[in-house]
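Asker: One structure, as structure tokens, below. Some questions next.
The values are calculated or read from the model by the stated rules, or taken from the named source; none is laboratory data. The structure presented is a predicted model; accordingly, all values stated were derived computationally and were not measured. Heads up, the Cβs are rebuilt from the backbone with ideal geometry, glycines too, and the neighbour counts pull from every protein chain shown. When the accessible area is computed, the model is the full protein with side chains, heavy atoms only, and any ligands, DNA or RNA have been set aside. Shrake-Rupley method; radii C 1.70, N 1.55, O 1.52, S 1.80 Å.
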Amino acid sequence: MAKDSNNKNLLTLENIESGYGKVKVLHNVSLKIKEGQIVTIVGANGVGKSTTIKTILGLIKPSSGQIKFKNELINSLETYKIIAKGIGYSPEGREVFGNLNVYENLRIGAYTVSKDDFTKRLEEVYQLFPRLKERKNQEASSLSGGEQQMLAIARALMQDPDLLILDEPSLGLAPIIAEEIFNRLAEINQMGTTILLIEQNVNLALHLSDHAYVMEKGKFVLDEKASILAQNDYVKKTYMGIA
Amino acid sequence: MKLTENHSDNFFKNRKKYTLVILFIFFILLFILSNSLSGYYYRILLLFGINVILTLSLNITNGYANIFSLGHGGLMLAGGYTTALLTLPVEFKANTLSLPLWLEQAQVPFIFSIILAGIVAMIVGLTILLPAFRLKGHYFILASLGINIIMINIAENVRPITNGATGLRGAPPYTNIWWIFGIAIFLIYLIWTLLTARFGRAIKAIGKDQGLAEAMGVNSAKYKAYAFMISSFFTGVGGALWTHLILTISPSSFDLLVVFQIIMMLVIGGVSSISGSILGAAIITAILEILQPL
Amino acid sequence: MSEEILKLVKLTKKFGGLTAVKDFSMTLNKGELLGLIGPNGAGKTTTFNLISGNLAVSSGNIIYQNNDITDLRPDQVADIGIARTFQNIRLMSGMTVLENMQLAFHIWNDYNILDTIFRTKKFKIKEKKYLEEINETLKHFNILDYKNDKVDDLPPGIQRKADITRAILLKPDLILLDEPTAGMNPSETDELVEIIKWINKDLKISTILVEHDMRVIMNICSRIIVMENGDIIAEGSPENVQADKKVIEAYLGKSYQV
Amino acid sequence: MDLTYIFQQVLNALSLGSMLALLAVGYTMIYGVLGLINFAHGEVFMIGAFTAMYAITGLGFPLPIALILAIIASVLAGVLLERFCYRPVQGSGDITLFITSLAASIGIRSLFVMLFGSRSMQFPMPKYLQGIRFWGDILITDLNLIIFVFTVIITLILSFFIKNTKLGIAMRGVSYNKQTAEAMGINSTSIIVATFVIGSALAAVAGVAWGLQYGNVRPAMGYHPGISGFIAAVLGGIGNISGAAISGFLLGVGQVLFVAFLPSVYSGFRPLFVWIVLFIILFYKPTGLFRSNIKWE
Amino acid sequence: MKKRAFSILFITFLLVAQFSIFTLAADPITIGGTSSMVGILGSIGEMVLRGAQLAVDMANEKGGIHGQEIDYTNIDGQSNQTVISNAAIRLIEEENVIAGIGPVDINYLSAAAPIFENNKTVLMDPTATTPSIAEMGDYIFMTPFGDDAQARALAKYVAEDLGFDNIAIIKDVNADYSITLAEHFIEAFKEFTGKENPIAVEENYQTGDQDYTAQMTRIRQFKDIDALFIIPPLPQDAPVIANQARRFGINVPIIYPDAGDFDEVIDIGGDSVEGAYISSHFAVEEAMTDIANEFVEKFEAEHGYTPGGFEGLGFDSAQIILEAIRKIDAEEWKSMNLAEQRVAVQQSLINNEFNNLIVPIKYEPNLPPTKPVVIKQIKNGERVFIKTMWPEDFEK
């Protein structure tokens, strides 16, 4: 499973400090994602995983540290400019635009893309998620949880991103559907998209990923190959409930 | 840190001394002012006092309880007309209005007429807003705007009672520094006393996080209504004091602009704070007068 | 022997087309510490919201100490002795820890508004008593030093403890704890485990605990219910649940071994 | 009360309804993206009317060019408002936003009083709009029809735009969830500006229509229509464009019909009746007649 | 605790700071004004101010009165009761005025009146025509005629000179001016026409309305009306109603009260108001006194336009006060202190006739003055003098 580790770094975080207002959530967080990898951040609720993502996307500005995407510093850029550099994002809780239909949701996902590319991408994405094509004129709020998650991922894929960031894609989904989604993610990765995944379903996530970070209280406490981490006693005990 | 510790633990012992000393100084100051100020500055001082009362009242709803009301102008109007009708010279009422005899003959002492003004304002606020309490956010703001528009409309059109757009004139000049600042001090004490007890804590909690307050056993609908009642009572009293200061009352004086001014006082001094309301009232009252000659 | 304190009968909650809780029935005995686990979105928090009255029940009944409390408002539920915490720490921002705690006495205060205004003896005695109780509980939670600090500035661990303290100060008979260890580091988690044990054993408050941290759940719960898609898939002692095939598949993961 | 009379009164109301609809759409769009009741919207409307008036009487331009200039002026005013009043205070709470917009409204009005005085000024109506036609005993003014048709066309174009274009979809996205929309690569600031542009342009059209219909402009002219537009926007379910347009129409028609069917002794109580109806609607439909497009927390 | 102490300190500071702006009693005779420059009445306020200022300037050119210069101090009343009542007390206490000229509307006048009354200082009502203003107090005087007189004069002219006996009325139901004027007019019109019901239809609208189509649709159903009597409280509504009436094919003559006596009405009304009759306070062409000619000349020279009825009223308001002072013996005047001088002005006003004004006027205690009403007509976009209705012609 492990991909060529000589690949270039796609995204690097160096000593990031970040948070909301006065409250610091992230303390000295560093992270590397190589091209083609699937990287997972695992951790309990509220330790700062989503904050890490929001900081990468520029939704929260880091108070110190560097974020580089494709060797470019993106710390101080506006979110829309960061996204346009080739990052797709599927937020926690899916956050589809409930008042828009499936097609329109995908159209927004392709906001930075030209009309021609959009039509092309639309077909590809529909191929990946045929269910969405069936429901393209349905309002997103009327979809089931799994379909909404697929829509959120599809929406993130619309601009053919180099890096796909997913915040808890299995949240609230039945295991079978979660597995289906993880299979899709593997497919997407095979097609060449690098993936940064945040998951609480540690088991599923570690099987899919190449590399994983364990986050506790705004810090990475472990940083290992996923296969090694899956055997780590501490991880087993704390996150997989294996005594 | 030390200081706050002190005052919350021995709160009842020390607070009392402080408060009494400050009150004493304050009343002496008032006494000096009332004897030395010229009519104009004395008047500004009175207006400032009325503004303090109005701002504090608005602070209860728009600040502490976080129910944003634009309707307090209508409540002032209700209070003002009530006290005017109860205290106007019988001759004026007989000549200009057609009132039921008991109201026409009514010459209520000031203290009762302002209390009644507050009660009427409270009833008006509740009747109009009770159905609106389930509204959220801007839908509630819209509904509260309705109080203002409805009250002005009624005052303009129920001519036998309100004399229409011209309004009532000849209200006796009862308002003086002692009434205004007496009521203001009482209101300050009331708000402070409530905030440091069960009642005010509940209202403050609703304002911060209604869901959490409910989880703590606070009946939010009930306490919001209480907050609105206290607020509208004192707004009505403020309107009554205003009426006995200006000596005339007409509907157009209570439009949105008045509410806007009070909200300004509230915001400038800092929402949800007693001293903020006083400061805000002082600043805006002063600014409105200083800008005058321009 | 044991007496029932809470009973859910065929509880169902639908959001539009989605059924979050489906025919969910369970009972809780007095003094029990029940663990409620399951994947995210399985309906645990929704169940809490239904019990606490934050959500309206679609069908089914909630029986608390032999009274039907299905249609009560959240404040009424709190009033009859059910306290809860929320998944995210919820404290009144801009207020001190003490002020947050004082709110908990809302339902116990029996002085009236005149007592308040005139600061009668009754008021003073009561408030003093509450203050003592608060101090005592805060001391037990080891956060007395933070009493006069604004809650916003406190570290999450302290905030979480304050959050639970406040629920305890309601002096409930039943407490619903929604992921109390979320976002906590291991040492804080250990401390919270002790607190929860204390609540359950010493204060004799029946407890339902929603938790993701298996260490916590398996250590302290006497009984565990596993939810998935709004329904129970397994129930029993920690050992039995851990061995349950369905549970492993749906929640604990295939690699899970006892 | 015969049918002709009723029909005549409904016809009369078309233009007022149209103007309120245009204003309400602006309110609701701006509310959608910014969460702000833009009380200065009535003043943007007034600026449009003033510009057109000045372009015709002062500069001698024909009406269509004056309309374009009015749109430009209003759009400029809207964009400046956004940039210098609302953007700096964004995220500082409802009350602050609210105060800012009220202050902006009063400020602009006072500025115009200082510049032009508070008296009203003539808004000339070109000859080709002065036509009157009869249909039996029913009287229709050309202007009334034109304003109505124009509004319908604009509303249709706008709904098409909002429904089908990328920008329109993005606007709906931003009003549903701004942060997620940003995370999709949408520059929400430019969407907000675009919304102000469209909303202000509609206000300008309404302003010019108002000037033509009532023949005069004055600095305070935006106050009453502004409040009516706000009411219509709320009634239509905040953020719902077609809801706002329909509610605007209903409100305009309702206002005229109240006068038409209420005995004239009671006509002073019209606002009271309007508000009672409003309260009844809000009591049964607490979020307006139509579905709101805003995601409620 | 600190914060509160600070705020109290701050307030004290503010108050003390204001002490320092105390003004000393001024040497010249000061007349005070509270005309609003902003708000809905701003434009009328400005007209009044211009007229009054001119009266004062003309007096100063002639060397003042009793050897004293005249000052005119106006504090902007901002069309706000609170502000106006503050302004009134400031004029009396800080500016030491001999007498004041009030705001232009009864609402605001009633805020200023009690303060002037309590301080025994004359307050002239410059424009408001509600007759009861004269009853507000012994020190409150009206410059314009009362609405009862205006309505009677107009009713007489319409009934007898024009020969109309079936008219439609539209009025602002939120404005007392409109309502009382309509009441007085209807009463007088019945008397002069001798008809039981000379009013075909009476329609109402509300302040702030711009759409009168519903009312016009109803008026239109009365095909045989002779005229449309439009009673707006403010000039801005007047032409808009006329425009819509014409658009609905109501082509009968229009009648306005003095609220129609503005350039604005012609500017906006255009062809619609052509031929309309207006009751007015003063007409330039028909100068009743010498000073009227001088006023028109000087006003035109200074402001570049011909003054209308409201500039005239402003002039007269100030001129009446000046005349009243002039009638007091100079030696006696100088021996009096300010309070005595104020009372003397009032004494000089009651029961006196004044002819050195644009329009001659006669005062009786607590009654509107007796003075003529001028009828004008709009012809070719100009307000043209038609007739003067002398009080003895239309009085009961």
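Asker: I'd like to know how the protein assembly as shown sits against the 2.2 N^0.38 Å rule of thumb: what's its Cα Rg over that expected value?
Answerer: 1.05
Asker: Set Lys and Arg Cβ to +1 and Asp and Glu Cβ to -1, take the dipole of the protein assembly as shown about its Cα centre, and tell me which of D:Leu63, B:Pro89, A:Tyr239 lies farthest positive.
Answerer: Toward the positive end, the furthest listed residue is A:Tyr239.
Asker: So which residue, out of E:Glu135, E:Glu353, E:Glu302, gets the largest mean-square fluctuation from a GNM of chain E using Cα contacts under 10 Å as springs?
Answerer: Maximum fluctuation in the GNM of chain E, among the listed residues, is at E:Glu302.
Asker: Can you give me the long-range amide H partners of D:Phe61? Hydrogens built in the peptide plane at 1.01 Å from N, cutoff under 5 Å, separation of 5 or more residues or another chain.
Answerer: D:Ile56
Asker: Rounded to the nearest 10 Å², what accessible area does B:Trp242 have for a 1.4 Å probe in the complete protein model?
Answerer: Rounded to the nearest 10, that gives 20 Å².
Asker: Around C:Leu170, with a cut-off of 11 angstrom between Cβ atoms, what is the net charge of the other residues, counting Lys and Arg +1 and Asp and Glu -1?
Answerer: +1
Asker: Go ahead and set up a Gaussian network model of chain A, Cα springs under 10 Å, then flag whichever of A:Gly36, A:Gly46, A:Gly218 fluctuates most.
Answerer: Highest fluctuation among the options: A:Gly46.
Asker: Summarise the partner chain shielding of B:199-206 as one whole number: the mean count of Cβ atoms from other chains within 10 Å of each residue's Cβ.
Answerer: 4
Asker: Explain nothing, just compute: Karplus ³J(HN,Hα) = 6.51 cos²θ - 1.76 cosθ + 1.60, θ = phi - 60°, for every residue of the range A:149-159 in order, whole Hz, x for Gly and Pro.
Answerer: 5, 4, 4, 4, 5, 4, 4, 5, 7, 4, 9
Asker: Distance cut-off 32 Å, Cα to Cα: go down the list B:Lys17/C:Lys171; A:Lys34/A:Lys237; E:Lys120/E:Lys362; B:Lys222/C:Lys129; E:Lys195/E:Lys371; E:Lys195/E:Lys387 and report the pairs above it.
Answerer: B:Lys17/C:Lys171
Asker: For B:Arg198, A:Arg155, D:Arg291, write out the residues from largest to smallest accessible area, computed with a 1.4 angstrom probe and no ligands counted.
Answerer: Listed by decreasing accessible area, they come as D:Arg291, B:Arg198, A:Arg155.
Asker: For the range B:47-291, build the charge dipole from Cβ charges (+1 Lys, Arg; -1 Asp, Glu) around the Cα centre, then report which of B:Phe110, B:Phe48, B:Gly63 sits farthest towards its positive end.
Answerer: B:Gly63
Asker: Using a 1.4 angstrom probe with every protein chain in place, what is the largest-first accessible-area order of D:Cys85, C:Cys221?
Answerer: Descending accessible area places them as D:Cys85, C:Cys221.
Asker: Normalised radius of gyration for the range B:47-291, please: alpha carbon Rg relative to 2.2 N^0.38 Å, two decimal places.
Answerer: 0.99
Asker: Tell me, what is the 1.4 Å probe accessible area of B:Met265, in Å² to the nearest 10?
Answerer: 0 Å²
Asker: Another one. For the protein assembly as shown, what does the accessible surface come to per residue with a 1.4 Å probe? Please give it in Å².
Answerer: Computed with neighbouring chains in place, this is 37 Å² per residue.
Asker: Still on this structure, I have one more. Mind checking the full-extension length gain between B:Ala221 and B:Gln105? Use 0.36 nm per residue of separation minus the Cα-Cα distance, one decimal, nm.
Answerer: 37.8 nm
Asker: Ok, one more. Which whole number gives the average, over all residues in D:268-278, of C-beta atoms from other chains lying within 10 Å of the residue C-beta?
Answerer: Shielding by partners across D:268-278 averages 6.
Asker: Averaging over all projection directions, find the projected area of the Cα convex hull of chain D and quote it in nm² with one decimal place.
Answerer: 16.6 nm²
Asker: Students often get this wrong: which residues of the range D:184-204 have the backbone nitrogen under 16 Å from the point 7 angstrom along Cα-to-C-beta of D:Arg87?
Answerer: Under cut-off, by backbone N: D:187-198.
Asker: Applying the Karplus parametrisation 6.51 cos²θ - 1.76 cosθ + 1.60 with θ = phi - 60° to the phi angles of the range D:59-76, what ³J(HN,Hα) value in whole Hz is obtained for each residue in order, glycine and proline being reported as x?
Answerer: Going residue by residue, I get 9, x, 6, x, 4, x, 5, 4, 4, 4, 4, 4, 4, 4, 5, 5, 4, 4 Hz, with x marking Gly and Pro.
Asker: Sticking with this one: In deg cm²/dmol, rounded to 500, what helix-only [θ] at 222 nm does chain A give when every DSSP H run of at least 4 residues adds -39500 (n - 2.57) and the total is split over its residues?
Answerer: So the helix-based figure for chain A works out to -10000 deg cm²/dmol.
Asker: Efficiency by 1/(1 + (r/R0)^6): what FRET value for C:Glu194 and D:Phe261, r their Cβ-Cβ distance, R0 = 60 Å, to the nearest 0.05?
Answerer: 0.20
Asker: At a threshold of 8 angstrom on Cα-Cα distance, excluding pairs fewer than six apart, so keeping six or more, what relative contact order does chain E reach in percent?
Answerer: About 17 percent, as a whole number.
Asker: Run the simple label-point estimate for E:Asn352 and A:Val221 please: 7 Å along Cα→C-beta, distance reported in nm.
Answerer: According to this spin-label approximation, the distance is 9.7 nm.
Asker: Please list D:Ser118, D:Ser110, E:Ser335 from largest to smallest accessible area, probe radius 1.4 Å, with all protein chains kept in place.
Answerer: Putting D:Ser118, D:Ser110, E:Ser335 in descending order of accessible area: E:Ser335, D:Ser110, D:Ser118.
Asker: Could you sort the residues of the range A:34-59 by number and keep only those whose accessible area is reduced by 50 Å² or more in the all-protein-chain setting relative to the chain alone, 1.4 Å probe?
Answerer: A:Asn45, A:Leu59
Asker: Cα centroid distance between the range B:163-207 and the range C:20-75, in Å?
Answerer: If you average the Cα positions of each part, the centres end up 45 Å apart.
Asker: Counting only helical runs of four or more DSSP H residues, what would the 222 nm mean residue ellipticity of chain E come to if each run contributes -39,500 (n - 2.57) and the total is spread over all its residues?
Answerer: About -13500 deg cm²/dmol.
Asker: What residues in the range A:65-98 lose 50 Å² or more of accessible surface when the other protein chains are added to their chain alone (1.4 Å probe)?
Answerer: Residues of the range A:65-98 that lose at least 50 Å² of accessible area once the other chains are added: A:Tyr80, A:Glu95, A:Phe97.
Asker: While we're looking at this one, here's another question. When we measure straight from the Cα of C:Lys147, which aspartates and glutamates land under 17 angstrom away, once same-chain ones fewer than 8 places off are left out?
Answerer: B:Glu5, B:Asp9, C:Glu99, C:Glu127, C:Glu132, C:Glu133, C:Glu136, C:Asp163
Asker: Going Cα to Cα from A:Lys22, which lysines come in below 17 Å? Please leave out same-chain ones fewer than 8 positions away.
Answerer: Straight-line reach from A:Lys22, under 17 Å: A:Lys54, A:Lys61, A:Lys217, C:Lys150.
Asker: Let me ask another. Within the set of other residues whose C-beta is less than 11 Å from the C-beta of A:Lys49, count the net charge using Lys and Arg as +1 and Asp and Glu as -1.
Answerer: -4
Asker: Okay, next question. Could you tell me the relative contact order of the range E:140-205? Use alpha-carbon pairs under 8 Å, at least six residues apart, and round to a whole percent.
Answerer: RCO, the range E:140-205: 43 percent.
Asker: Tally up the carbon and sulfur contribution to the accessible surface of the protein assembly as shown as a whole percent, 1.4 Å probe, everything protein left in place.
Answerer: Roughly 57 percent of what the probe reaches on the protein assembly as shown is carbon or sulfur.
Asker: Also: Run the Debye formula on the Cα coordinates of the range C:91-170, all scatterers equal and no solvent, and tell me log10 I(q)/I(0) at q = 0.17, 0.21 1/Å.
Answerer: For the requested q values the scattering log ratios are -0.65, -0.90.
Asker: Here's a follow-up. Ordered by residue, what ³J(HN,Hα) values in Hz, to whole numbers, does the range E:215-225 give under the Karplus form 6.51 cos²θ - 1.76 cosθ + 1.60, where θ = phi - 60° and Gly and Pro are x?
Answerer: Each residue of the range E:215-225 in turn: 5, 5, 4, 6, 4, 4, 5, 8, 6, 9, 6 Hz.
Asker: Ignoring ligands, DNA and RNA, how much accessible area is buried between chains E and B, both sides summed, with a 1.4 Å probe, to the nearest 100 Å²?
Answerer: 3900 Å²
Asker: Which value, in debye to the nearest 20, describes the size of the charge dipole of the protein assembly as shown about its Cα centre when Lys and Arg Cβ atoms bear +1, Asp and Glu Cβ atoms bear -1, and nothing else is charged?
Answerer: 5720 debye
Asker: Here's a follow-up. What is the average number of partner chain Cβ atoms found within 10 Å of a Cβ in B:68-75?
Answerer: Taking the mean over all residues of the peptide, I get 1.
Asker: Chains D and A: buried accessible surface, both sides, probe 1.4 Å, rounded to 100 Å²?
Answerer: 2200 Å²
Asker: Report the local net charge at A:Val113: Lys and Arg +1, Asp and Glu -1, summed over other residues whose C-beta lies under 14 Å from its C-beta.
Answerer: Overall, the nearby charge balance is +1.
Asker: Quick check: pseudo-label points 7 Å beyond the Cα along Cα→Cβ at D:Asn164 and C:Ser187, how many nm apart are they?
Answerer: Roughly 6.5 nm, to one decimal.
Asker: Do you know the relative contact order of chain B, to the nearest whole percent, from alpha carbon pairs under 8 angstrom that are 6+ apart?
Answerer: 33 percent
Asker: In the full protein assembly as shown, how much of A:Lys81 is accessible to a 1.4 Å probe, in Å² to the nearest 10?
Answerer: 90 Å²
Asker: Ignoring ligands, DNA and RNA, how much accessible area is buried between chains C and A, both sides summed, with a 1.4 Å probe, to the nearest 100 Å²?
Answerer: In total, chains C and A hide about 1800 Å² from solvent.
Asker: Would you mind getting the Kirkwood hydrodynamic radius of the range D:2-139 from its Cα pairs, rounded to one decimal in Å?
Answerer: That comes to 17.4 Å for the range D:2-139.
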